[in-house]
Structures are given as C-alpha cells and as structure tokens.
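The structure appears right after this line, and notes come after that.
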Amino acid sequence: LQDVQAKIENWKDYCNEEYSKFLQLQSYGVIDATKTEFDVEMFQRGQAATRDCIEAEKEMEQIIEYARLLKVNFEEFDQESGFASLIEDGHVESMDPAAVYTVDRNRIERWMADDEKLGEPAEEMDEWECQTVEVNDSVSVVAAQVATGKERRRIDRWRSMCELVEVNAQEEDNEWLE
C-alpha cells in the first residue's frame, strides 16, 4: 500500500522521468512514438496506478478486519493525528462497554453528592482586565484596542511605515503618469 501511495504522490516526478527517457529513446531512434502516444500511455499508467491503490486500500481494510476478528492486538496508525491510539491513553479503555459496567456507580454518586454539598470552592482568584473579542476580529483590531505602552508605539510605528510606503508608491505612480 505504501509503495502504491508513494507512486501516486510522486506521479508528476515519475511522469517527468519517463518523459526524459522517452525523449532520449526517441532521439536515438529506438522508438518512433509521438508525444500524444506517450501521453496516452502515461494516462493509462495513471489509471492503473489509481486502481492499484484502491485495490491495496481495500486489501488493507480486509486484513485489518480479519486481524480484529482474530483479536490481534496491534497499534493502529491514526492518519488524522499521526498518533497511535494506545490502550494506556485511557480513551479506548473508558469507551469499552465491559469496563463501563464494572464501575462503582454508587461511590461516584456519593462523591458527586458530597461535592454539591460543599458548594462553590473558596479560592482566591486573580483580578485582571480583559476584553471579549469575536472570532472574526483580527489581531490588529484587537491590538489597536488593547495594546498600550511599548507595544502600542510599535504598532503605531509599523502603521506609519506602511502608510509612508503607500504614499511613496502613489507619488511614483503619479510621476510616471505625468
């Protein structure tokens, strides 16, 4: 599967190499095929490579299913995150129905009831000012409203430099038009 996937991922490089070989053989007079014939051949090879990849993926799925039926314990590769899902991660074990039914529910319910009786924890909290921003607010908008002192001067200096560049560009455009 990895070999087939690698071939498809590097298909452009493969085609370029094949085209170089084609041109070389054509220049030596070994073959008398046209560029169109070469393109058709590469298209057909691409279709075959895609079919091979699909077939390899199906075979891989069947192998994994068969291994699960045999209760083979193996580390699966999670293609989304790049991390294997291991039993010691806790997530898989906590979702196992057999493990869920063995939990001491009464103990947990007593603990939760005791926790509710205590009420809100008397913790010291740091007081600090903050501003609520929307998801679509840009950093520059937020910074313009929040930044102070050195950070504010740095932002203002950057804006003035950008405005100066824009003015200079407009002046050059006007000179060029005259």
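The values are calculated or read from the model by the stated rules, or taken from the named source; none is laboratory data. This structure is a prediction, so every number in the text was calculated from the model and none was measured. Cβ atoms come from the backbone with ideal geometry, glycine included; neighbour counts cover every protein chain shown. Ligands, DNA and RNA are stripped out before the accessible areas are found, and what is left, the full protein with its side chains, is counted by its heavy atoms. Shrake-Rupley method; radii C 1.70, N 1.55, O 1.52, S 1.80 Å.
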Residue check, Q47 part of a helix (DSSP H, G or I) and at pLDDT below 90: no
Selection from the range 1-51 of residues that are within 30 Å of I63 (Cβ to Cβ), touching a residue at least 24 places away in the same chain (Cβ under 8 Å) and open to solvent by less than 70 Å² (accessible area, probe 1.4 Å): L1, V4, Q5, I8, W11, G46, A49, T50
Residue check for R68: modelled with pLDDT of 90 or more, in a helix (DSSP H, G or I) and of a type outside the set (G, A, S): no
Members of the range 1-44 that are modelled with pLDDT of 90 or more and in contact with a Cys (Cβ under 8 Å, 6 or more places away or on another chain): M42
